[in-house]
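To start, the structure under review is shown below, and the notes come after it.
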Amino acid sequence: MPIGSIILLPLLGALLPPLMVRHGRAVVAWSAALVTALALLVGLWHAPAVFSGSDVSSHREWIPMIGLALSLRLDGLAFLFVMLITGIGLLIILYAYYYLPKDDRLGRFFGLLMLFQSAMLGIVLADNLLLLLLFWELTSLSSFLLIAYKSNTRVARQGARMALAITAGGGLAMLAGFLLLGHVVGSFELSEVLAAGDLVRADPLYLPILILILLGAFTKSAQFPFHFWLPNAMAAPTPVSAYLHSATMVKAGVFLLARFFPVLSGTETWSYIVSGIGLTTLVLGAYIAIFKHDIKGLLAYSTISHLGLITFLFGLGTPLGAVAGLFHLVNHAVFKASLFMAAGIIDHETGTRDMRQINGLWSFMPYTATLAMVAAAAMAGVPLLNGFLSKEMFFAETIYHSWVGPLEWLVPAVATLAGVFAVAYSVRFIHDVFFNGKPVDLPRTPHEPPRWMKIPVEVFVALCLLVGIFPEQTVRPLLDISVASLLGTTPEYHIAIWHGFSMPLYMSMIATVGGILLYTQRQRLFAAHDRWFPRTSGEAAFQYSVKRIRDLANRLIAKIDNESLQRYVAWLLGAAILVTAAPLVSGWQIFGGVALSPLDGVSLAAAFILVVAALGTVIARRQRLFALIMTSLVGLIVTLTFVHFSAPDLALTQLSVELITTVLMLLALFFLPGGPRQEVSRWRHWRDLGLAGIAGIGTAMLAFAVMTRPSISISDYFLATSKPLGGGQNVVNVILVDFRSIDTLGEITVLAIAAAGIFALLWGLRLAVPTHDLEGRRWAQDVHPLIMSMIARPLLPLALLVAVFILLRGHNLPGGGFIAGLVAAIGLILQQIASGIEWTQKRLRISYLAMIGVGLLIAVATGIGAFVLGYPFLTSATLHPEVAVIGEIELASAVAFDVGVFLVVLGTMMLILENLGRLSGASPPSSSVESVSEKT
Amino acid sequence: MELLLASIIGLLVACGLYLILRSRTFSVVLGLVLLGYATNLFLFASGRLATNQPALIGEGPPFADPLPQALVLTAIVIGFAMIAFVVVLALRARGELGSEHVDGLDREADQ
Amino acid sequence: MNHWIILPLLLPLITGALLLVSARGPLRFQRALSLLGTGALLLVAVYLFALANDDAIGVYLVSDWPGPFGIVMVLDRLSALLLLLTAVLALGALLYAFQGTDRQGPVFHALFQFQLLGINGAFLTGDLFNLFVFFEILLIASYGLLLHGGGKLKTRAGLHYVVLNLTGSSLFLIAIGILYGVTGTLNMADLGRVAATLSPEDVPLAAAGAMLLLVVFALKAAILPLHFWLPHAYGETTAPVAALFAIMTKVGVYAIIRMFTLFSHDGGPLTGLVEPWLLAAALLTLAAGTFGAMASLDLRRKIAYLVMVSIGTLLLAVSLGTQAGLTGSFFYLVHSTLVTGAFFLIADLIAKGRQQGAMITEGVRPAGSAPLGVLYLLAAIAAVGLPPLSGLVGKVLILMAAQQTPWLGLIWTALLVSGLLILVSLARAGSYLFWRGPVSTSDHAPSWPLLTPAILLLSTSPLLVLFGGPMTEFAAATAAQMLDTSAYIEAVLGQTPISPRIPLEAP
């Protein structure tokens, strides 16, 4: 069996429970248990190899570019953890089946539990940094979802979010650390990294790597100052607390310390940081645990403290320290899991977890009480129990390892103090819960739990005793192989209950006696704690900073974005001015050197009119009609400019567009009567003037610079080729319908889309017809004055005639479908203005949208025609001589294209104007606005 | 002449932008129109200035640069489409927001 | 010459025109037509993707004139990748639109097709002015789509979007004027060639033109401080449109990459012109996006800000100017586009499922919260960049690319912290939406037709990871091709027309 299946089985198992729900809770639980058992068996199946000291490993490339590979390795350390995870997992499943309420169908619960289990197994088996990280974050996610299992309670949601933020955040730091580490080593394969210890420790990046990776480990293992998420995670169902938050997931952090022991340990920095943090956590956790009234709270802080102890041991960096660390890791997993289960049973039976209510349960559930007390004794480190042994080794390490030099005595002292606290809270747990008088108004009257619910606890307690009495026979071999995979060799050590009267034993005694004494004085102690102990906790700090960041975000966003278009435009201009000016500031001569062309009076006069008109538009923008006239005057001058500078096509187009635009604006004007003038703050006024002014001057300079530079251009080619090959004399037109014909196609497409968009915009929109204009003058009541229509009617055929003429002469002389379309449109518009839309509509019944579509299709079709002859899209028929002999095709293709253009243009114009005209249609005079979209 | 045209372009840009920065949709539309003129002139000017030399073969060189003219033609048409759209949008905005202010009148009513 | 290259333009153009003709026809017919066109487009895109997978650059001389005189369409790895991406995204958005969005107003499908035309054109064209034309097509279509369905907030957002972009288009024309005035050409490859050999006195002017282009593209890409339109536009418009728009900002990024790799052709005077600006802007955009995402209470607005975050991340990678950076940016581009697209659809489903829309403050769980919850979770994981979804791979690529730069610390901190903050914010939103209050009585429990498009788009994220090997390989090859500007210029200017032409002499 490939070791991958150890991860894969639970992963597939995660899908099993949700699928099984319809078959009832038992089946769901069994399916989870099955995959877990299988994973356990696969692990055992490899046991012989592992014990013979040869690792089992598998490797498969995944994403080489980021160094991610599916590399797995089952060495001693991994084996130890696989056993822990799957073994404890089995018992947890059994327990959870009874613990969770009968109405819970368990599908979601066991699904998530299996997902976690798979991820956790992944962490311990991964032999690739990124793969490890992948599983690492997966455990954070599954833990998030499991903590929030009882999602309707606020504490659950908050606890889950906090845990996620801290652990996933640590994961991100770890990612950074891994990337650096992989960069230094030159490989992301863990086995290669582990072999490169000296290289890494010598590297300047060692410190950042160390800190970043430790951030990952410490957040996960709830080390100070990140410890606070763990107590808040106690909102999770107790099986989860027992499994994730005491036995396995929180151990991932210390596992990481063990994993990277060969690479990162052995330096002063490592010792100071790791054991320093560990010691702090150890004492702090143990101290706070004493004051928790919530059983699970007490256990959580005790867990924190024990994790601190293990961290400290690894921090020492000594072989024996590592041994003791691993040993205590196993022991803690065992007795803490059983304690959580006991706590769960109590919670389950009494309906509360508050130790001020729960008293004297001995008389209700003596059997469970016995189990719990044995486990608690192990936690306190009482002889003949596993906790005692590892604690002794811990004490020993504190003494025989002098790393604080002069303050040598400090560490043992602190360690003993922590021991005192540990005994104190253990005693409190036992005494408060099972004795200490009668229960105080419990929600339910407790009694022994169902038989099978006790089995897991019994197993664990049995283990406590077994390991505690026969360590060498039970746990020793496991320890040996796992230590070997850390250190390469197994150091000389022996675990025994009786070392003779030695320093560690005295420390244990002090701890025990002191602890009991402390507990007897608890009333005073509580009082002192309430008075002196600082209230500010890491949790508060976290909540505060999260809130602060969110407030900051709100303020910033509100400040940047005031939802006002004017500001947006101002920013756009500001940015444009800034970045465009940047390259120009240094040594740029504006004048390009080409001799200027002479000025003449006419141009000057025209320019003068334009200036007046432009300024007039700005100044008189509130007299809208006048402003509009001014604008079209500007347009007129621009047209003249084109004429003057030998661009007849432009002039013609500009002129006709000018006309249409004006008509359009006039219509709009009718519906935009304007309103009370807005007061604008002084500085806004100057800001706008400044921006506009600078932009204007800048553009002028750029324009001048361009115009005065010697001209180099690809245009010579057009001039050279357009007659012989382009088949047209009007080079501009040839460029439009031939060289750059796709631009023209695109241009009419834009028209078509605009028409469609406008159609959609006006769809169902109704605007009230204002009876007066802004100056209060009454609009003319006679909508279609007679004289107007008298003039307009004969104009139409004329306009159409002109249109056809322009359309046909297009290719060689200025003109073409576009202008033709405009002319025709103008003719029709006159009709509408004169006689009204209904009148005109009655006389031509067509869907303009369809007309536009057809126009587009025709234009495209002419382009596709070239395909047939094996030429690229839009190749003009004139351009391949062998076809050009048939003059008809040439004419056909060119004209067809123009007809397409003509239809699109005409359709667009008519659609716009018709719909605009419709606006004022059947609208109730009173209501100002009514729009369909309100209803949809 | 170049200087004159350049300053005219500059003026049109300035006027256009100033109008675009106003709060009434109608002013903004006028501004966009003026800005359109300016950009077309600019693009046109990038082909340098040539008086009385239409790019018609047969009338003998030298010619005005035809390429910018073609570009401007396209730009004019597209510009028209855009202006038409924004005019109608202004109407729609008045219909939906009940005001001619580019940001609509009362924000609260929107929520 | 391979006629397939022009099909990504012809298909949507013809479909769109046909849809205009049948605009008054039955909706069922329009849907069939639109689906047909989009499906065909997807197939074409797949074929072109396969075609571009060797290093050959496909050049198509529209109307058979050689570059730089005629207009060319260029198919290289990047454009092929983006065409495919667009087609996939479009299919998802369209399928979702069938669920009622297209009923809220006329000509939705025509506008949708024209939108695709504009986007594809922008990705394919090799001519600067033609790029302008396609930008206008893409914009005018987007105006229509954005405003589809109407409504106060939508109209206001639309008005702002339109005016800003019209101003931007004017800047585009001026930039083109400057560049043509200095270089005398419009073909991008030719621009790159000429830019490398500019005479010193012309350099400042050309640089100014280039920078103005940057502003225009930055507006499209919604880079700070030109981002203002995005949160409102994307936050207020209909879901399928927002989903489709996930690619629109990327068009701006694409244009930046395309133009400025060419401007730096063979170490010419314009080399390294924009990178410093990009780096600064990217960091600001990233920050603004992150804060915006934290601040917004409306889920759709939140996701709109996530689009900004993705843009910031992308630009960070681009601003490195290295092959590794581009590789990361290309992978991340694909990932972020598809994921945000899916996320918009999911947000809309959530809004449909509860009475209060997607405001995360009011506590009612959406109807059918089980499937929605899973989708939300996955989308969030992908967006934040947590394993095991594609966000992580993209992020790691970019982090690694940043490793060789002096900005290592800055970029890493920015990316990782932003990731963490977004994680916190999305976790909060999720727990409010799915874990609080009673289940909504709204009968809009999402049906399979509604869920499928979101699932379709989201499922690409795990696939990107599963096939991460080949995907990253392709991204790397794409980056290499982008940086080999000489090959590009040779291919584009070297393509000879079918009909006999006057041999082109360099201007």
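The values are calculated or read from the model by the stated rules, or taken from the named source; none is laboratory data. Predicted model, so just to flag it, every value in this text is computed and none were measured. Cβ placement follows ideal geometry from the backbone for every residue including glycine, while neighbour counts extend to all protein chains displayed. Please note that ligands, DNA and RNA were not included when accessible areas were found on the heavy atoms of the full protein model with its side chains. Shrake-Rupley method; radii C 1.70, N 1.55, O 1.52, S 1.80 Å.
One table, with the values for the structure above:
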item: Total residues in region C:176-188, condition modelled with pLDDT under 95 and either of a type in the set (G, A, S) or surrounded by fewer than 24 Cβ atoms within 10 Å (Cβ to Cβ) (or both); result: 2
item: Residues being assigned to a helix (DSSP H, G or I), within 7 Å of another protein chain (Cβ to nearest Cβ) and not hydroxyl-bearing (S, T, Y) - total across region B:16-35; result: 10
item: Condition met for C:G16 (of a type outside the set (S, T, Y), more than 10 Å from every other protein chain (Cβ to nearest Cβ) and crowded, with 20+ Cβ neighbours inside 10 Å); result: no
item: Residue match in region A:506-520 (condition: closer than 30 Å to B:I20 by Cβ and hydrophobic (A, V, I, L, M, F, W, C)); result: no
item: Where A:G53 falls short, out of the listed (1) outside any helix (DSSP H, G or I); (2) under 36 Å from the mean Cα position of the chain (by Cα); result: (2)
item: Output for region A:486-519, where each listed residue is of a type in the set (G, A, S) and either open to solvent by 40 Å² or more (accessible area, probe 1.4 Å) or under 20 Å from A:A422 (Cβ atoms) (or both); result: A:G488, A:S502, A:S508, A:A511, A:G514, A:G515
item: Selected residue (only one of A:F460, A:F434 is within 28 Å of A:F51 (Cβ to Cβ) and open to solvent by less than 40 Å² (accessible area, probe 1.4 Å)); result: A:F460
item: Candidate set: region A:537-560, residues that are within 9 Å of another protein chain (Cβ to nearest Cβ) and crowded, with 18+ Cβ neighbours inside 10 Å; chosen: the one nearest to C:I223 (Cα to Cα); result: A:I557
item: Residue in region B:49-67 that is at pLDDT 90 or above, within 7 Å of another protein chain (Cβ to nearest Cβ) and open to solvent by less than 10 Å² (accessible area, probe 1.4 Å) present; result: yes
item: Residues being assigned to a helix (DSSP H, G or I) and under 51 Å from the mean Cα position of the chain (by Cα) - total across region A:473-492; result: 13
item: Test: residue in region A:195-208 that is within 13 Å of chain C (Cβ to nearest Cβ) and touching a residue at least 40 places away in the same chain (Cβ under 8 Å); result: no
item: Only listed residue being surrounded by fewer than 19 Cβ atoms within 10 Å (Cβ to Cβ) and at pLDDT below 80, chosen from A:S927, A:S876, A:S933, A:S893; result: A:S927
item: Residue match in region A:580-588 (condition: modelled with pLDDT under 85, facing chain C (nearest Cβ under 7 Å) and over 30 Å from A:Y287 (Cβ atoms)); result: yes
item: Cβ pairs under 9 Å, 6+ apart, first in region A:493-506 and in a loop (DSSP other than H, G, I, E, B), second among the small types (G, A, S); result: A:Y493/A:A324; A:I495/A:S390; A:I497/A:G468; A:H499/A:A396; A:S502/A:A396
item: Given (1) assigned to a helix (DSSP H, G or I); (2) open to solvent by less than 10 Å² (accessible area, probe 1.4 Å), index of the condition A:M249 fails; result: (1)
item: Residues satisfying the stated conditions in region A:862-873, i.e. more than 9 Å from chain C (Cβ to nearest Cβ) and touching a residue at least 24 places away in the same chain (Cβ under 8 Å); result: A:T862, A:G865
item: Qualifying residue in region A:64-84 (condition: in contact (Cβ under 8 Å) with a residue 12 or more places away in the chain, in a helix (DSSP H, G or I) and under 14 Å from A:P239 (Cα atoms)); result: no
item: Members of region A:695-716 found to be in a helix (DSSP H, G or I), more than 7 Å from chain B (Cβ to nearest Cβ) and modelled with pLDDT of 85 or more, listed by number; result: A:G698, A:M701, A:L702, A:A705
item: Pairs, first more than 16 Å from C:F217 (Cβ to Cβ) in region C:271-285, second buried (at least 20 other Cβ atoms within 10 Å of the Cβ) and among the aromatic types (F, W, Y), C-beta under 9 Å, six or more apart; result: C:T271/C:F263
item: Members of region A:595-625 that are of a type in the set (A, V, I, L, M) and closer than 20 Å to B:I20 by Cβ; result: A:L610, A:V611, A:A613, A:A614, A:L615, A:V618, A:I619, A:A620
item: Condition check for A:E563: open to solvent by less than 90 Å² (accessible area, probe 1.4 Å) and on the phi > 0 side of the Ramachandran plot; result: yes
item: Counted residues, region C:82-121 - those being under 21 Å from C:W4 (Cβ atoms) and either away from chain A (no Cβ under 11 Å) or open to solvent by 10 Å² or more (accessible area, probe 1.4 Å) (or both); result: 13
item: Extreme residue, farthest from the other protein chains (Cβ to nearest Cβ), among residues of region C:349-401 that are open to solvent by 10 Å² or more (accessible area, probe 1.4 Å) and touching a Lys or Arg at 6+ places or on another chain (Cβ under 6 Å); result: C:V364
item: Selected residue [touching a strand residue (DSSP E or B) at 6+ places or on another chain (Cβ under 8 Å) and open to solvent by less than 50 Å² (accessible area, probe 1.4 Å)] from A:F218, A:F188, A:F228; result: A:F188
item: Region A:507-526, subset among the β-branched types (V, I, T) and free of Cβ contacts under 8 Å to residues at least 60 places away in the same chain, residue nearest to A:V382 (Cα to Cα); result: A:V513
item: Selection count where residues are assigned to a helix (DSSP H, G or I) and over 30 Å from C:F330 (Cβ atoms), scope region C:72-110; result: 6
item: Boolean, C:V62 is more than 30 Å from A:Y717 (Cα to Cα), within 14 Å of chain A (Cβ to nearest Cβ) and among the hydrophobic types (A, V, I, L, M, F, W, C); result: no
item: Criterion violated by B:G10 - all others in (1) at pLDDT below 90; (2) surrounded by fewer than 24 Cβ atoms within 10 Å (Cβ to Cβ); (3) not β-branched (V, I, T) satisfied; result: (1)
item: Helices (runs of 4 or more DSSP H) fully within region A:157-226 counting 1 or more residues that are under 23 Å from the mean Cα position of the chain (by Cα) and under 23 Å from C:G409 (Cα atoms); result: A:206-220
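Yes or no, residue by residue, for (1) in a helix (DSSP H, G or I); (2) farther than 30 Å from B:S23 by Cβ:
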site: C:L191; (1), (2): yes, yes
site: C:L198; (1), (2): no, yes
site: C:E201; (1), (2): yes, yes
site: C:P204; (1), (2): yes, yes
site: C:L212; (1), (2): yes, no
site: C:V215; (1), (2): yes, no
site: C:V241; (1), (2): yes, no
